[in-house]
Every structure is written in structure tokens, then in C-alpha cells.
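J.: Pasting a structure here, questions to come.
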Amino acid sequence: MTPADLSAAIVRILNGLQALGALGAGQLPADVVIERPKNREHGDWATNTALQLAKNFGTNPRALAELLAAELSQVQGVTKVEIAGPGFLNITLDAAAAGELAKLIVEAGANYGRSSELAGSKINLEFVSANPTGPMHLGGARWAAVGDSLARVLEAQGAAVTREYYFNDHGAQIDRFARSLLARARGLEAPEDGYGGTYIQDIADRVLAGTAQDILALPDHEAQEQFRALGVDLMFGEIRTSLHDFGVDFDVYFHENSLYESGAVQKSIARLSELGHMFEQDGAMWLRTTTFGDDRDRVVLKSDGDYAYIAGDIAYYLDKRERGFDQCIYLLGADHHGYIQRMMALCAAFGDQPGFNLEILIGQMVNLLRDGEPVRMSKRAGTVVTMEDLVDAVGTDAARYALARSSANSQLDIDLEQLSKKTNDNPVFYVQYAQARTRQVANNAASLGVDHSEFLPALLEHPAEGELLAKLSELPRVVAQAAEYREPHRVARYLEEVAGTYHRWYDNCRVTPLSGGSVESVHRTRLWLNDAAGTVLRNGLALLGVSAPERM
RNA sequence: GCCCCUAUAGCUCAGGGGAUAGAGCGCCGCCCUCCGAAGGCGGGCGCGCAGGUUCGAAUCCUGCUAGGGGCACCA
């Protein structure tokens, strides 16, 4: 008997009551929110559904609660239903009904927490997409952690997710990168509008070392072109390696330049012209995005004959749709929030539904601190705080966890010094330790002859076992909500709660007998619960891309 | 000027209308004669301000204040 079972039971009861004419003709809910009350005197589970639905059915909360309570108390496994306050239903289960869950979880294994809710939907999730003009920086690391975890969460709900990286290898920014490389190779300072980090020298040296050709003897524009092509490749390789080491691998690295080379840009603009959304003015071609709520129209083809940046966005979006993605999700940094309106407008211009076919998630910035002082992370300033800096300091698991455990909506302060000095500060260890503990308990149990040959859930009667079972039952709902709200941090927060609940159970309930004692049914039954907790912790950590070590 | 995000414990952050607002870290005290004390138990400290909606608001709405990020024929 899980919260989901209770919810289903209540929906059934509501249906039955309405069919009998005991309720008015209101809309019936598809499910009912079942919560664990903070105060245990309020039972194992509680719901406020009578308070929320009474108005719909033309009755008052108290009366509806009484109808529901009478029926619900007849359900098998429910021992008591009480009405509290204005119409809360407080539900108490018998230990056996609650305890069944332990076995269900163990038997489901890696599938516990997964669902087919999003089966059939084909999602393109674009994230990171950092320009190949410098090493992967801390902000990119946040989106890597959040984006990959979101992909895992969506996949756990049955969606087919393609992780995609838009690789800006076209335009003025790349030209500045190439000029900077050339300048450094000649021993000159980087141009004023160029990149000045020490990595520029490094890449320039590698370009020179990597080719037999004497690039520096070429005319300027040819030399620059060589540095552009080779330098971008090197930078790209570095970024890709950093991400891989971070546990994030993209299915598609999409090159912006390919949109221009293939003619996709012209094609997509021609399509918008046919649809009547393009116009010419001041020698430039514009997309009338104001038709769809943008605050100004946007230049697509500049008067000098070059395409504006949005031209690539237009072609890229269309390309994604033509590749068969129902939903294109973009995870962008806060400095891109101004793009939302024009992106939504171009989506609508193609006849699509903004918010469904195109969804843009904005994540706020990460501030890196060292001893409480902000560390600048501007690539141009050359004081680059890279993903490697963070990983070197705290390790991949701690880095990914620290970046993924907070809402992307809030700015995040991470103090390198604090994390690197005392890694025990990081909650990831709390969770990993609990998981490792479940393994050690299982190992000890095995060596003492405690096995899975018996499961008598009624023996799971200690209050700490009730708490643990209740907490473990929440995983499916947590994952579903993380997917629905696109908020993978919910998984991390939940795991911290599971870990705490498990530790308390561990302190109260032994899986192995004391020395001299014999193995009893209760030990064998508790082993199931121990393993169920381990399963939940491992499944959750997997959703975050964090390892679940056997021992620490 | 306009737009977006944020404001909750000493710190970093959860809390998407419900009952006494939570976690980790930090601080104080207690617990290893039995599954690793990287743990548990106890203690102290908090919803930026002012209105509104509601039976009920940290949560929704409005205004204000503060911090961050944006507002190109740049990418």
C-alpha cells in the first residue's frame, strides 16, 4: 500500500460515490495528493482532497471527508481513517500493508522510480553549447550537470531524449579567436577585442606543433584561416574531453557552420518568406517577430549581406523539427533570457506551438568564491575558472552533485576553498555514505547467514521502519515531478532525506543478530528493507550521474 | 526606462495553497561491550518590507526595497 495506491483508491471511491448520486456532478480528479504528515499523530498518510474538492461537488469539506472516510476505512490494509480540522483525512495503515513495499522495490531493482509516462515523446535537449573559444567554464559545468541529469530524469519517464550541443563555429567570435591565436603565435599581444587567456598561447603552440606546414610564413588571412580551422578543432576536442570526464556525453554535436554550408539557412528563411513573415527594410531582411509577441522585429540578413546570428537559430530549430523531435528544449544561461521572445516568435512563425514544441529553460549564473571572495570567470579577462578547476578541487561526483542539487532558477555560490579543503561538507558524501552503508550491511548479513528466504512485512513495525518505508515510497512521485517541472534538483534533495531516514533506521533496527543470537525472521525481513533503501539511493544517484560506491 | 531570476537559520540551499517551515555545513552537549561514529540524539538561530486573494499564504497577485542578469544590422 503506497501513496499511489491510496490515491487510486480514493479516485475509485469518488467515482463510486458520484455514480451512486452521493456527490454532485463535479469534475473528478485523475489523482489525489497524498502526503506524509509532519506530525505522526496524524497517521501514516494524509490528504486534503476533501477540502479542495468539496466546492466542486456542491458540498462542504467536512461532509465529503466523512463520505470518503467511511469508504476508505473499508480498503484492505487501511486500519484507521480520521477526519481532522476542517476536513483533512488522516490515514493509518497496518504494518504489513506498508511493509510490502520493501519487497516490491527490491524486485523492481533499477526499474523502481521509472515510468512510461512520457513514452513515445521524442525530445531534443540542447544544453551547454559553449563557444569553442576557450576551455569549458564553470557556468558550462552547471548546465552540463543539470542538463544531463534532466535528460536522465526524462528518460526515466520513458521519453526518448537526444542530448545535443550547438557548436558555434561560425561568425565574428570565431574570427576574433583565430586572430588571437595568430597574434600569440607571432609573439604579439592578443588584439583588443580578442581572447587573452593563457590557453590561447597553448592552443597556438599546439597548432604550430601539429602541422608540418609553416603557417606563420603564409599571408595573414591564410594563416588566420589555418589557425581558425585547427584551433577550433583543438578547442572543441578539449571541451568534449572535459565533458566526457565529467560524465556528460552528447548524442549530437551540431556545427553551426554546417547550416550555412548545407543551405539550410537559405531554405529556412525561404520557408518563412513563403509563410509571409519576412520583409525588407533599410537594405536588410527582417523577420516580423512582433506578429508573435516579440517587442521588435529582428534582422535576419544584414544590409552588408551577412546573416545575423538568428539566421542560424531559425535554420537550427527547423532542422530539429525535421529530424522528428516533438519537443525542443533549450537550456540557456541567464544572459540569454532576452532571446526567449524572438525564439518563441520564430517557433510560432513556423506554425508551431511555443511552449510545447519549443521550450526554453533559463538557468541563473554560478558565482565561484574563494575564501568568500568572488572569482572572476570571464574568458576574455583570461582569468578562467574552468570545469577542470572545479573537478580537480572536489572531484566529479561532488562537483556534479553540488551543481545539480540547487534549482537552476537561483544563482549559486560555490566556494572552491571550502569545498576543496573539507570535502565532507558536501552533501554528496552524506548520500553516498548511506548507500555504501546499505552495501556493507548486506555484506555482513550474507556472511552471517541472513538471507532473503523470508519476508514477513508485519515485522517491520518499528517507527523508524514506517518512516523509511514511507520515504522510499516517494521516489516515483519525485522523479515524475522532476521531469514535469524540469527540475532534477528535486531528486538530490529527496536522496538527502532518504539518507537521513535510512541512518535513523540503521541506528534503531539491526539486520544482523547480536553475537550469540540466532538469525530470526525479523532479520531476514529487514534485509529486504535495507536492500530497498540501497536500491532507491542507487537509482537516485544514477539519475544525477553520480557514482554509488560499494565502500568509501 | 523596460524585461527575466532571486530574497527562508551564522553559511550554502530545499520547501509549486494546508496542520508545529526543513536539510547539509558551522556552534554547544551526549552516544561506539556488537551491522563503518563519513553516523545518531538533544540544544540555539529564520520566511526582505507593505498591502491583497483564501477557511488557510514562505508558496498566488500588486507595489516597494535590495542583489544578479539582460535590452544590436555582436555572437
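J.: Which one, A:L475, A:Q411, A:L495, projects farthest toward the positive side of the charge dipole computed for the range A:379-528 from Cβ point charges (K/R +1, D/E -1)?
T.: The Cα lying farthest towards the positive end belongs to A:Q411.
J.: OK, next. Using a 1.4 Å probe and ignoring any ligands, DNA or RNA, find the accessible area of A:K103 and quote it in Å² to the nearest 10.
T.: 70
J.: Mind giving me the FRET efficiency for A:R288 and A:D249? R0 is 30 Å, r the Cβ-Cβ distance, nearest 0.05 is fine. Let's see the in-between values first.
T.: Numbers: r = 39 Å, r/R0 = 1.32.
About 0.15, to the nearest 0.05.
J.: Evaluate the Kirkwood expression for the hydrodynamic radius of the range A:3-93, namely the inverse of the mean inverse distance over all pairs of different C-alpha atoms, and round to one decimal in Å. Mind dumping the intermediate values first?
T.: Details: mean 1/r = 0.0779 Å⁻¹.
Roughly 12.8 Å, rounded to one decimal.
J.: Let me know the charge dipole size of the range A:255-354 about its Cα centre in debye, to the nearest 20, where only the beta-carbon of Lys, Arg (+1) and Asp, Glu (-1) is charged.
T.: Working: 10 positive and 16 negative charges, 42 e Å.
Value, rounded to 20: 200 debye.
J.: How do A:206-218, A:523-535 rank on mean C-beta neighbours within 10 Å, highest first?
T.: Values: A:206-218: 12.5, A:523-535: 24.5.
Descending packing order for the listed peptides: A:523-535, A:206-218.
J.: Expressed as a whole percentage, what fraction of the accessible surface of the range A:426-544 belongs to carbon and sulfur atoms when a 1.4 Å probe is rolled over the protein heavy atoms? Provide the component values of the computation, followed by the final result.
T.: Numbers: 2300 of 4590 Å².
C and S atoms contribute 50 percent here.
J.: Ok, one more. Counting only C-alpha contacts under 8 Å and six or more residues apart, can you give the relative contact order of the range A:61-198 as a whole percent?
T.: Numbers: 160 pairs, mean separation 24.9, N = 138.
After rounding, I find 18 percent.
J.: Report, in deg cm²/dmol and to the nearest 500, the calculated mean residue ellipticity at 222 nm for chain A, where each DSSP H run with n ≥ 4 adds -39500 (n - 2.57) and the sum is divided by the residue count.
T.: On the way: 20 runs with 268 residues, N = 552.
-15500 deg cm²/dmol, from helical runs alone.
J.: Got a number for carbon plus sulfur as a percent of the range A:3-93's accessible area, 1.4 Å probe?
T.: Working: 2360 of 4750 Å².
Here it works out to 50 percent.
J.: Under a 1.4 Å probe, what is the accessible area of the range A:86-165 per residue, stated in Å²? Before the final figure, lay out the partial values.
T.: On the way: 2290 Å² over 80 residues.
For the range A:86-165, the solvent-accessible area averages 29 Å² per residue.
J.: To the nearest Å, what is the center-to-center distance of the range A:173-242 and the range A:98-166, using C-alpha atoms only?
T.: 36
J.: Among DSSP bridges having both ends in chain A, what percentage is antiparallel? Round to the nearest 5. Walk me through the numbers before you get to the answer.
T.: Details: 22 of 46 bridges.
Taking every DSSP beta bridge with both residues in chain A, the antiparallel ones total about 50 percent.
J.: Another question, if that's okay. Roughly how compact is chain A, stated as its Cα Rg over 2.2 N^0.38 Å to two decimals?
T.: Numbers: Rg = 28.7 Å, N = 552, 2.2 N^0.38 = 24.2 Å.
Cα Rg divided by the expected 2.2 N^0.38 Å: 1.19.
J.: Over the range A:426-544, give the accessible area per residue in Å² for a 1.4 Å probe, as an integer.
T.: On the way: 4590 Å² over 119 residues.
It amounts to 39 Å² per residue over the range A:426-544.
J.: Remind me, relative contact order of the range A:164-244 in percent, using alpha carbon pairs under 8 angstrom and six or more residues apart? Can you show the working numbers first?
T.: Working: 67 pairs, mean separation 24.7, N = 81.
Averaging sequence separation for qualifying contacts and normalising by length gives 31 percent for the range A:164-244.
J.: Relative contact order (percent) for chain A, with alpha-carbon contacts under 8 angstrom and 6 or more residues of separation?
T.: Values: 954 pairs, mean separation 90.2, N = 552.
Result for chain A is 16 percent.
J.: Counting only protein heavy atoms and using a 1.4 Å probe, what share of the accessible area of the range A:103-190 belongs to carbon plus sulfur, as a whole percent?
T.: Numbers: 1310 of 2810 Å².
Ligands and nucleic acids excluded, carbon and sulfur reach 46 percent.
The values are calculated or read from the model by the stated rules, or taken from the named source; none is laboratory data. A quick note: this is a predicted structure, and the numbers were derived from the prediction, not measured. Counting neighbours? That spans all protein chains shown, and the Cβs are built from the backbone with ideal geometry, glycine included. Note: areas computed on protein heavy atoms with side chains; ligands, DNA, RNA excluded. Shrake-Rupley method; radii C 1.70, N 1.55, O 1.52, S 1.80 Å.
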